[in-house]
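Here the structure comes first, spelled out in structure tokens, and everything after it is commentary.
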Amino acid sequence: MAIARLSVKVGKVGKASAHAEYIDRDGRYEKQKLDDLEHAAYGNMPKWAEENPNLFWQAADLYERKNGSTYREFEIALPRELSPKQRIELTQDFIAQEIGTKYPYQLAIHNPKAMDGLEQPHAHLMFNERLQDGIERDPAQYFKRYNSKTPEKGGAKKDNTGKDHKTRKDEIKALRQRWEDLSNQHLERAGLDTRIDMRSYKDQGIEKAPEKKLLPSQAKDPVVRNALMQSRQADRLVQQYDLGDLSQELAKIQQGKSLAQEIEQGKAAFKADFEQFKAQALQQLKEQQKLEQEQEKLNPPSRGMAR
């Protein structure tokens, strides 16, 4: 099964330009461009940033309100089973579906080597949620507060604001489902049998903890890499063999453990009751002996009469 992962991140003021350079492998990241940059693109930029998208992100960092967000980002694992051209087509269809002509965006597809030595293609899609409404604004005005009465006097309207946590969470779940559907359409179109499943292991009925994302320093550690590869190999071996319903077997084992625990608890309770009974019986015996001794003192045995 192809790798399934889609995370959503939010960029604060002062972070947009540097992050755009990172995903586009510009500036101090220039050396990585030849190593893993597979594709780069941008779109829906205002006229003053049509030739250089980083001008847009620089303006966002400069003019967006201090506690505002300058971008959202979808970081998405792409199927390594698809060719580079097919991955670009998949990403373009996703942008058309989710971004359309609404938001200024920048895209980069990276393809470094994974820990298993194979490809690890993934996309960075960062976009600004100020809507493109056709009104020409300079950088300073673009990021001002929106004026609903006279839009041409205010900034571009910011979309998706004022949503609570549950709404955001539901929207991300729906987004992941749309990515799954679109990816599987492209995999089927390419004549591949593999598919992605964006559901959690729990929702899939799989008793397995999600694999934690490693830090770059951890990923370079040979001990950590070897341990992770062995864990993944073990998972693949389990999937190759029909081991039955492991969740049911685990439940039986747990039930057996519970029964054994109940037996041990019963034995411990019986032992405690027996020890208490012994102590009470011993105390009663001592009291009985003491009583008999007192009675002998009060009623000494009589001596026989002399003849």
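The values are calculated or read from the model by the stated rules, or taken from the named source; none is laboratory data. Model, not experiment: these values are computed from the prediction. Here Cβ is always computed from backbone atoms with ideal geometry, including for glycine, and neighbour counts include all displayed protein chains. Side chains are part of the model used for accessible areas, which takes the heavy atoms of the whole protein and leaves out ligands, DNA and RNA. Shrake-Rupley method; radii C 1.70, N 1.55, O 1.52, S 1.80 Å.
In what sequence, highest mean first, do 58-67, 16-25 appear when ranked by Cβ atoms within 10 angstrom? If you can, show how the numbers build up before the last one.
Values: 58-67: 16.9, 16-25: 20.4.
Going by the mean number of other Cβ atoms within 10 Å, highest first, we get 16-25, 58-67.
Most tightly packed first, judged by the mean number of other beta-carbon atoms within 10 Å of their residues, the peptides 279-291, 71-83, 143-155 read 71-83, 143-155, 279-291. These residues, ASP273, ASP36, go from largest to smallest accessible area, 1.4 Å probe, as ASP273, ASP36.
Can you pull the percent of the stretch 15-153's accessible area that's carbon plus sulfur, 1.4 Å probe, other chains left in place? That share works out to 49 percent. For the stretch 42-87, the dipole from Cβ point charges (+1 on Lys and Arg, -1 on Asp and Glu) about the Cα centre works out to 100 debye, to the nearest 20.
Note on LYS144: lysines with a C-alpha under 26 Å away, same-chain residues under 8 apart excluded, are LYS9, LYS12, LYS15, LYS47, LYS66, LYS102, LYS153, LYS157, LYS158, LYS163. Accessible area per residue for the stretch 102-183 is 54 Å², calculated with a 1.4 Å probe on protein heavy atoms, without ligands, DNA or RNA.
Pairs of alpha-carbon atoms within less than 8 angstrom and 6+ residues apart define the contacts here; what relative contact order does the stretch 99-153 have, in percent? Walk me through the numbers on the way to the answer.
On the way: 50 pairs, mean separation 17.4, N = 55.
Relative contact order, the stretch 99-153: 32 percent.
Packing, as the average of other Cβ atoms within 10 Å across residues, places the peptides 87-98, 2-13 in the order 87-98, 2-13, highest first. Please report, in debye to the nearest 20, how large the charge dipole of the stretch 89-131 is about its Cα centre when each Lys and Arg carries +1 at its beta carbon and each Asp and Glu carries -1 there. In total the dipole reaches around 220 debye.
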